[in-house]
Amino acid sequence: MKKNAIIVITLLAGVLLFNASCKKETGSPLSTNGNYPEKGKNKKEGKKLYVSTLDELYTAVNDPASSGTLVVLSPGTYVLDASYPNGGRLELQTDMGLQGQAGQPGAVIIDESQLPASSFVIPAGRTGGMRMGKGTNSLEWLSLIGGAVGANPFSVINTDLLSAETSIEISHVNVNVNGCNIGINLRNRLAEHAGRKIYAELKDSEISGAVNFNGFALAAQNANGASGSLIRLDMQGNYIHGNKVGILAFSSAQTSSVSNSTIEIVSHADRIEGNGVGIDPSAGVNQASTTVANNNTTTIVMHGSSIRDNNPPAAPQLQPVNGAIPGGIYAACAFNSVNSAAGYNRASNNTMRLTFYGCDISNNNGLDINAVAAWCPAATLLAGSNNLLEIFLHGLSANATVDAIASVPVEVAGTNVVTVIR
């Protein structure tokens, strides 16, 4: 990618960066007033159940009568056991929450490391040791340990329980990803989740240790037929560190197409530090010669957050293996990984807007921001058409180093555009 972003963009895209015809409204915070469903139902209704043993925990979680209940765990370590229902997974009932000891996230530990590979597999594919996604599900004041690497575990937490709409609340939770591929996976999974809405809050939590497989600490993904779906994530005061990829966001067509899906992330005072790559967002990702990823949107707005010290030297375990360029942020609006001419033009009309207000985006080993509107291997010739990436850097954020290019390989028609405004 070229170093002079403005010149390269102008030559390759054939447009001026400030041409109003290719600009949308300048980056502004997402308005969430009135858009979220009612949260904290289990807390508001005051229905609580206290447990102190593993058997009591499984009994509470697996009882449909526990819907709407906040399950409060006594101090201790709860090692999940495959001999219990659902392969030993914790699958939360509708409007159920789990809470440890207030003010002491380390007092209650839920440990998935003894679950076998079969516990992370369901008929629809792979999943997490803890599953959420029905009504309002919450986790508070807990420490979680992911599965052992030998079990090929998918995620520590997954939001893939069937529903048309769900609210996920996670606060004061420490996640040691351990051997899992993903720490927290906010996921609309398949066509069964088409049109589904996930409203998530992640606050005052820590995610680390995602160094196996793809190594994603936090993923927001609409995948494989989950067209028309939405993930909206509100983050505040989290610390995401020591992972191959800190935050991954995309709508991805791997086995079937995905279109018209949306990811929106708002961040306040989060620290994304010391990862192989801090943030790896895309709008549309195509991974097969029989699928397309079209008309998807990703929007990220960050206020006072820190994206620094990523891609630390002498840390090979943190090097991304998913195609992301190490550093602070690797933003590829359209990403087409098909390495043949059969993948030609399969990720189109996608839009991504990244806006940073007063964020410290610095000291990343490599560039702070690598940006491309459309990327694919050379053999594919063209990732897609009419993909638009906009990056707005306000205040302190404007100090970030940026390498931006419209299309890899070069697109002669110039329909893929990346705009950087400081």
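Counting only protein heavy atoms and a 1.4 Å probe, the chain has 34 square angstrom of accessible area per residue.
Normalised size of the range 70-179, defined as Cα radius of gyration per 2.2 N^0.38 Å with N residues, equals 0.99. Here the ratio of the Cα radius of gyration of the range 280-422 to 2.2 N^0.38 Å is 1.04. In a simple Cβ point-charge model (Lys, Arg +1; Asp, Glu -1; nothing else charged), the chain has a dipole of about 780 debye relative to its Cα centre.
Rg/Rh, computed from the Cα trace of the range 132-257 with Rh as the Kirkwood radius, has the value 0.95.
For the chain, lysine pairs with C-alpha atoms less than 25 angstrom apart, excluding pairs fewer than eight positions apart on the same chain, total 28.
When the alpha carbon coordinates of the chain are projected onto the principal axes, the ranges are 65, 46, 43 Å, largest first.
Among the protein heavy atoms of the chain, carbon and sulfur supply 53% of the accessible surface, probe 1.4 Å, non-protein parts ignored.
A cut-off under 10 angstrom between Cβ atoms defines the neighbours of Gly146, and their net charge, with Lys, Arg +1 and Asp, Glu -1, is -2. Charge tally for Asn214 (other residues, Cβ to Cβ under 13 Å; Lys, Arg +1; Asp, Glu -1): +1.
Charge tally for Ala124 (other residues, Cβ to Cβ under 15 Å; Lys, Arg +1; Asp, Glu -1): +3.
Taking all pairs of distinct Cα atoms, average 1/r, flip it, and tell me the Kirkwood hydrodynamic radius of the range 345-422 in Å to one decimal place.
Every distinct Cα pair counted, the radius reaches 13.1 Å.
Could you tell me the relative contact order of the chain? Use alpha-carbon pairs under 8 Å, at least six residues apart, and round to a whole percent. RCO, the chain: 11 percent.
Based solely on its DSSP helices, what 222 nm [θ] is calculated for the chain when runs of n ≥ 4 H residues each add -39,500 (n - 2.57) and the sum is averaged over all residues, nearest 500 deg cm²/dmol?
-1000 deg cm²/dmol
The values are calculated or read from the model by the stated rules, or taken from the named source; none is laboratory data. Treat the numbers as computed from the prediction; the structure is a model and nothing was measured. FYI the Cβ positions are ideal-geometry reconstructions off the backbone, even for glycines, and counts take in every protein chain you see. Quick note on the areas: whole protein, heavy atoms, side chains included, nothing else; ligands and nucleic acids left out. Shrake-Rupley method; radii C 1.70, N 1.55, O 1.52, S 1.80 Å.
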